Amino acid sequence: MASAEIAVDIDNVVKRYGSFTALHGVSLGIRENEFFTLLGPSGCGKTTLLRSIAGFEEVTGGTIRLKGEDITNLPPHKRPVNTVFQQYALFPHMTVTENVMFGLLRKGWSKPESIQRVNQVLEMVQLGDYAQRKPSQLSGGQQQRVALARALAPRPAVLLLDEPLSALDLKLRQAVRVELKALQRETGIAFVFVTHDQEEALTMSDRIAVMSDGEVQQIGSPPEIYETPVNRFVADFIGETNLLDVDVHAVSDGMARLSLPGGNGFTCPAAAMRGPGKGHLSVRPERIALCAQGAGELDATVTGRVYLGTDIQLHLRLADDEAMTVRLQNSETTVVPAEGATVGLKLEAGAARLLAD
Amino acid sequence: MAAGAPMGGGAVSNVYKGNTAKLMAPAWAMIGIFLLAPVAMMVMYSFLTKEFRGGVIWDFTIAAYDQFFFDRGLFGDEPPTIEWTYIGIFWRSIWQAGVATIACLLIGFPTAWFIATRRPSTRSAWLFLVTIPYWVNLLIRTVSMKFLIRDTGPLNELLLWTGAVTEPLGLINTNFAVQLGLFYSYLPFMVLPIYAAVERYDFSLSEAAADLYSNIWTTLWLVILPVVKPGIVAGCILVFVPSLGAFLAPDLLGGAKTFMIGSLIEEQFKGSAGNWPFGAAASTILLSIVMAVLLFYARSQNKGSER
Amino acid sequence: MAAKTDLRRFPGFLTITVLCLFVLYAPLIVVAVYSFNASTSITKWGGTSLAWYVDVFTGPEAPKFQQAAINSLVIAVTAAIAATAIATLAAVAMTRTGRFRGKTLSFALISLPLMVPEVVTAVASLVFFTAIGFTTGLTTILIAHIVFCIPFAYLPISARMQSIPDMYEQAAMDLYATPREAFKLVLLPLMTPGILSGFLLAFIISLDDFLITNFVKGAGVETLPTAIFGSVKQGIKPNIMAISTLMLVVSVVFVSLSWLVGRMGQDKNQET
């Protein structure tokens, strides 16, 4: 399990390219033995942050500490971190063994020691038989494992992974996710994983940092991020959600009383709201139950039905024209209303999340 | 595929950035000392006085240019009249180079087009065929051409033997021979840029033109040529400039009547009859013409890409 | 239905292409053929013979040509090595450093030998060496050759370097290689085909040069092209045909090598 010790301490890191700011003072702490993911859309700064830890980007401001030691101004070859590159960057003119051995030899290991370690690591990623092949003779998935092995061989303090699964096809990606998670447990090294795929982040991470526009929006475990997003961006980026315009009347004892669209009252944890005002209520589509018209907190008309295999997705419209989605499990007992039908929606109080913005 | 441009540049370019001066130093030293400085010195020499047995006396004068342009001293008793001899030689060189360029264009364009429209697998073979002769020593090629077309050469022998002519074609030592020699020397320089441009040509443009009732020749003139114009211009420059200052073709294939700039300049530096400042002046004038052409070309390129 | 290829076919273009190739090869083939002519007259056929090739190597003019050939080879190898080294460093500076002050100027500098007409370079070089009192001879030839070989070596090297993404060097530095190690162990090996290509190109360019060499060689020193020229001025003799054919073969072999090496490098580094 991830310990409380901080492996990488990122303190108010700023990165500017001329007039463009990629990172606006990012601070976070990555713990030892943790699978930590940087998640966000393209351009949010997650790759820039990763490259700053590796040393490929010089930060404009702030400090980066690795196990207490300030590495902010160290060049990449002096930092005890290793990277798995998005395009693997395997040296085309070297064999698998030579690739994996590279970092060890640079650190001064002797050849016999290096070979021993190489074989050990190749076994770990199940590529023992491919030691003498050249990268051009390997499949995408195999190349990725070589890249992993190469980065793990020198026993880095932290392993950085830059969207390593994006070039793989779906089935392979799912299999590799499981392997990567197991590898992290086995090696006990902190993994810093960058991805834009929120499903990947949710399934693999111990903790996730959701980023947007160069800023960290929220840091938490997958359930925390999913169930209790702190703002609209996080609520919307992770999974699907309904965002209802609500009027908060009063906040007391950590609970908020508010009016839903359509007029009905609702009480739920106040979360970020401190007092009365306008806000958004985030409700996940799978946490809404259908009932008779008038029997729930909201009334809506069905505007469309989408068959998703595992679920049925219902599109609905409220009286004030707001759109909503509800997910029903595709089982024999589920009753799916017809298009045009009016239904009632029951919201689970614990599943609704009040957002201040 | 390269890792992203603005981000990927960071670490590696930072590594080398600090060392650009050291890395470029050898090239700067070599070319600066042994080409730039010599050219500057050559220009200076054109303003010096000629030494009797070749070489110079360090006496500044514009005598060389005077001799080039005027038949009497610029500061003599009577107003000077233009000396056409040397200007004429330059003019003839421009004309010869121009004819060679046009010949290269007329033959080179169809050739380049043909090769570029072959199947990809055979294209490089055709290109190879066209460029192999270029890689043979220019001297050897010019000598071979001389051997072929001279009065006692195989070409005339063949023509005489088949009865096509009754006496040898006086091909050698003519303007035609020189033009042929220039054409022969620099043809691949026309073919390659045009080939590159045609390869990038989008054939759906031809299809659109055909769809709009244009036959292939109208399409060529109105659609294709304008689109591949950059390649054509590049090819013309690459043929014209070397042809202008060429020495071997005029010297081996031409004669007294076809004297060109290259031969004029070479003559000034041979033995004791030479006039170094004059030769330097002629070289400076040639260099100026070429630089002007290249500058004009570079300007037009920039304007094009800014659009 | 008119086939698509019709739009690409212009009547007469094939003929012109064939004519073009014919004109390009005819003189060379004729010379090659006549080099095997047994008779002393170079235009009447006297039967096939290798006599002239033998004459090249053992005849009265043989020592002159042999010395000239040795001079040419030594200069070509030395100039090519120097030019390739200088061009490699310059290529690293030009392709791996983003923008730097004087970059456009540097590029203009490297292209300068290509833009200045050969005769002007020849005159300038002669004037320079005379002015500083440097005796003309093999050294002056070598120096002049290095200068104009630099852009020729530079072209394939720079092209190759640009096609190698810098992610490999990044990966190397990520794995504790110092910048110098990253250059030596990763970039340089990947660039080898380009460097070899550049070397071969520079070699041939140096071997073939006539005009500049003729100006700066001074009396008493000959390279193969200047020796051939001098001989031709006295009339085209059959042994000239033989030497020409030999040089023809050498040139073709070297260029093919250069091209093959370049191609090999490309195939080797194809990534799946």
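Quick notes on this one:
- For C:P165, the conditions (1) facing another protein chain (nearest Cβ under 9 Å); (2) closer than 30 Å to C:M115 by Cβ; (3) surrounded by fewer than 21 Cβ atoms within 10 Å (Cβ to Cβ) all hold with the exception of (2).
- Of all the listed residues (C:A202, C:A219, C:A242), the sole one being out of contact with any Pro (no Cβ under 6 Å at 6 or more places or on another chain), in a helix (DSSP H, G or I), of a type in the set (G, A, S) and over 22 Å from B:L129 (Cα atoms) is C:A242.
- Members of the range A:56-70 that are modelled with pLDDT of 90 or more and within 14 Å of chain B (Cβ to nearest Cβ): A:V59, A:T60
- Lone qualifier among C:A85, C:A91 - being more than 8 Å from chain B (Cβ to nearest Cβ) and modelled with pLDDT of 90 or more: C:A91
- When A:R133, A:R150, A:R155 are screened for being within 13 Å of chain C (Cβ to nearest Cβ), of a type in the set (D, E, K, R) and in contact (Cβ under 8 Å) with a residue 60 or more places away in the chain, only A:R150 passes.
- Single residue of A:V216, A:V194, A:V176 found to be touching a helix residue (DSSP H, G or I) at 6+ places or on another chain (Cβ under 6 Å) and under 30 Å from A:L148 (Cα atoms): A:V194
- Residue satisfying all of: in the range C:113-139; farther than 10 Å from C:I212 by Cα, in a helix (DSSP H, G or I) and more than 17 Å from the chain's Cα centre (by Cα); farthest from the other protein chains (Cβ to nearest Cβ) among these: C:L138
Conditions (1) surrounded by 13 or more Cβ atoms within 10 Å (Cβ to Cβ); (2) under 19 Å from C:L114 (Cα atoms); (3) modelled with pLDDT under 80; (4) more than 15 Å from the chain's Cα centre (by Cα), marked per residue:
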| position | (1), (2), (3), (4) |
| --- | --- |
| B:Y201 | yes, no, no, yes |
| B:W217 | no, no, no, yes |
| B:L220 | yes, no, no, yes |
| B:V223 | yes, no, no, yes |
| B:V228 | yes, no, no, yes |
| B:V233 | yes, yes, no, no |
| B:P242 | yes, yes, no, no |
| B:A246 | yes, yes, no, no |
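- Considering the conditions (1) part of a strand (DSSP E or B); (2) farther than 30 Å from A:L127 by Cβ, A:I208 is excluded by exactly one of them, (2).
- Residue within the range B:175-197 that is within 12 Å of chain C (Cβ to nearest Cβ) and either on the phi > 0 side of the Ramachandran plot or not in a helix (DSSP H, G or I) (or both) present: no
- Residue match in the range C:141-158 (condition: part of a helix (DSSP H, G or I) and within 14 Å of chain A (Cβ to nearest Cβ)): no
- Output for the range B:174-214, where each listed residue is among the polar types (S, T, N, Q) and farther than 30 Å from B:N156 by Cα: B:S204, B:S206, B:S214
- Residues in the range A:190-211 that are surrounded by fewer than 20 Cβ atoms within 10 Å (Cβ to Cβ), under 24 Å from A:A54 (Cβ atoms) and at pLDDT below 95: A:H196, A:D197.
- Pair list, Cβ under 7 Å, 6 or more apart: the range B:84-107 residue under 18 Å from B:G181 (Cα atoms), other residue modelled with pLDDT of 90 or more and among the basic types (K, R): none
Here's the yes/no breakdown for (1) part of a helix (DSSP H, G or I); (2) free of Cβ contacts under 8 Å to residues at least 12 places away in the same chain; (3) at the interface with another protein chain (Cβ under 9 Å from one of its Cβ atoms); (4) of a type in the set (A, V, I, L, M):
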| position | (1), (2), (3), (4) |
| --- | --- |
| B:S121 | yes, yes, no, no |
| B:A125 | yes, yes, no, yes |
| B:V130 | yes, no, yes, yes |
| B:V143 | yes, no, yes, yes |
| B:L158 | yes, yes, no, yes |
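- Among the residues of the range C:140-165, the ones that are farther than 14 Å from C:I81 by Cα, under 13 Å from the mean Cα position of the chain (by Cα) and touching a residue at least 60 places away in the same chain (Cβ under 8 Å) come to 1 in all.
- Some residue of the range B:3-13 being within 7 Å of another protein chain (Cβ to nearest Cβ), assigned to a loop (DSSP other than H, G, I, E, B) and modelled with pLDDT under 85: yes
- Counting only residues that are of a type in the set (V, I, T), more than 8 Å from chain C (Cβ to nearest Cβ) and crowded, with 24+ Cβ neighbours inside 10 Å, the range A:82-117 holds 3 of them.
- Set side by side, the residues A:L23, A:L90, A:L28 differ, and just one is of a type in the set (A, V, I, L, M), in contact with a Lys or Arg (Cβ under 6 Å, 6 or more places away or on another chain) and at negative phi, which is A:L23.
- If the condition is being away from chain C (no Cβ under 11 Å) and either under 19 Å from B:M291 (Cα atoms) or in contact with a helix residue (DSSP H, G or I) (Cβ under 8 Å, 6 or more places away or on another chain) (or both), then the range B:216-228 contributes B:T218, B:L222, B:L225, B:V227, B:V228.
- Enumeration of residues in the range A:146-195 that are of a type in the set (K, R) and within 25 Å of A:G29 (Cβ to Cβ): A:R155, A:R177, A:K181, A:R185
- With respect to the conditions (1) more than 7 Å from chain C (Cβ to nearest Cβ); (2) over 19 Å from the mean Cα position of the chain (by Cα), B:L148 lacks only one, and its number is (1).
- Candidate set: the range C:230-256, residues that are within 19 Å of the chain's Cα centre (by Cα) and at the interface with chain B (Cβ under 7 Å from one of its Cβ atoms); chosen: the one surrounded by the most Cβ atoms within 10 Å (Cβ to Cβ): C:S244
- Whichever residue in the range C:193-220 is more than 30 Å from C:S231 (Cα to Cα), at pLDDT below 90 and surrounded by fewer than 24 Cβ atoms within 10 Å (Cβ to Cβ) and, among such residues, is nearest to the other protein chains (Cβ to nearest Cβ): C:P193
- Checking C:R8 against (1) modelled with pLDDT under 85; (2) under 18 Å from B:L148 (Cβ atoms), the condition it does not meet: (2)
- Taken over the range A:37-63, the criterion of being surrounded by fewer than 23 Cβ atoms within 10 Å (Cβ to Cβ) and either assigned to a strand (DSSP E or B) or basic (K, R) (or both) is satisfied by A:G61, A:G62, A:T63.
The values are calculated or read from the model by the stated rules, or taken from the named source; none is laboratory data. All of these numbers come straight from a predicted model, not from anything done at the bench. With ideal geometry, Cβ positions are generated from the backbone for all residues, glycine too; neighbour counts draw on all protein chains shown.
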